[in-house]
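Reading through the structure tokens given below for one structure.
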Amino acid sequence: QIAGTSAIWVLSVAFGLYMLGLGSLMFHLAPYLTDEGFSLRTATILLSIWGVGDLVGRLPWGLLIERASVKYSAVAAFLVSSLAVLFIYLAGGHLLAAMGALLFFGLAIPGTATMQEVFLANYYGRPSLGRVRSITLPIVSLSSAAGAPLAGHIYDATGSYHWAFVMSATFFVLGSLA
């Protein structure tokens with residue numbers, strides 16, 4: 001019955017696209033940063049800044065979801081994530097810019113996980129979450145898993161992360177439209 005609704009598939013595609021974009025970045029940020037001239041140690045510290053942003057960003061996104069439409073909150077999170085990808089790319093090998101961009105990226109990311117759960121609970125009810133997640137989770141997980149190899153193939157074909165970043169930002173924007 002749940003699988004017969006269009007909403008489950010729209011939400012699966014939206015969050016699947018988001019995770020495809022995120023998966024393509026997560027595993028390639030350290031190599032990208034070293035390609036931009038940062039040492040592996042500095043790249044690791046920069047990724048830790050992303051983690052701090054992720055931790056700090058959970059509360060504001062949670063508060064936003066409680067006070068605003070989860071649909072518009074999700075669109076905002078997807079678009080802010082796309083903007084964060086642009087900031088990371090533009091930061092290049094500049095340390096302070098990279099720190100700010102990765103902190104911003106970290107602040108953008110955590111809202112989507114919570115929003116997905118709230119979307120599903122609001123639409124289908126909490127008692128149905130197990131059945132709903134059994135449909136959405138494989139799609140979202142496979143999308144996330146496909147992101148890293150896809151970005152790797154793009155890098156191998158072009159010798160640059162430019163198009164992988166464009167792809168990631170595009171997936172975030174497409175997810176916001178779904």
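For the chain, what does the accessible surface come to per residue with a 1.4 Å probe? Please give it in Å². List each step's numbers first, then the result.
Details: 8830 Å² over 178 residues.
On a per-residue basis, 50 Å².
Rounded to whole Å, give me the distance from the Cα center of segment 138-155 to that of segment 62-85.
Cα centres, segment 138-155 to segment 62-85: 23 Å.
Calculate, in nm to one decimal, what residue 35 and residue 145 gain on full extension: separation in residues at 0.36 nm each, minus their alpha carbon distance. Numbers along the way, then the final one.
Numbers: separation 110, 0.36 × 110 = 39.60 nm, distance 2.30 nm.
Here the segment from residue 35 to residue 145 would lengthen by 37.3 nm.
Ignoring ligands, DNA and RNA, what percent of the 1.4 Å accessible area of segment 84-159 is carbon and sulfur? Before the final figure, lay out each step's value.
Details: 2610 of 3800 Å².
On segment 84-159, the fraction of accessible area on carbon and sulfur atoms equals 69 percent.
Any idea what angle helix 110-124 forms with the longest principal axis of the chain, computed on alpha-carbon atoms, 0 to 90 degrees, nearest 10?
Once rounded, the angle reads 10 degrees.
Report the relative contact order of the chain, percent, no decimals, based on alpha-carbon pairs under 8 angstrom and at least 6 residues apart. Present the calculation step by step, with values, prior to reporting the outcome.
Numbers: 239 pairs, mean separation 80.2, N = 178.
So the answer I get is 45 percent.
Quick one: Karplus J couplings for segment 23-32, per residue in order, coefficients 6.51, -1.76, 1.60, θ = phi - 60°, nearest Hz, x for Gly and Pro?
Rounded to whole hertz, the list is x, 5, 8, 3, 8, 10, 5, 4, x, 4.
Please work out which option in [x] 1.05; [y] 1.49; [z] 1.39 gives Cα Rg over 2.2 N^0.38 Å calculated from these coordinates, and answer with its label.
[x]
Counting only the heavy atoms of the protein chains, how much of residue 140 is accessible to a 1.4 Å probe, in Å² to the nearest 10?
Approximately 10 Å² for this residue.
Multiply the residue gap between residue 5 and residue 59 by 0.36 nm, knock off their C-alpha separation, and tell me the result in nm, one decimal place. Don't jump to the answer; show the numbers that get you there.
On the way: separation 54, 0.36 × 54 = 19.44 nm, distance 3.14 nm.
That works out to 16.3 nm of additional length.
Please compute the length gained on full extension between residue 90 and residue 156, using 0.36 nm multiplied by the number of residues separating them and subtracting their Cα-Cα distance. It would help to have the intermediate numbers written out before the result.
Details: separation 66, 0.36 × 66 = 23.76 nm, distance 2.11 nm.
Working it through step by step, the gained length comes to 21.7 nm.
The values are calculated or read from the model by the stated rules, or taken from the named source; none is laboratory data. From a predicted model like this one, the values you see are computed outputs, not experimental measurements. The accessibility values were calculated without ligands, DNA or RNA, using every heavy atom of the protein model including side chains. Shrake-Rupley method; radii C 1.70, N 1.55, O 1.52, S 1.80 Å.
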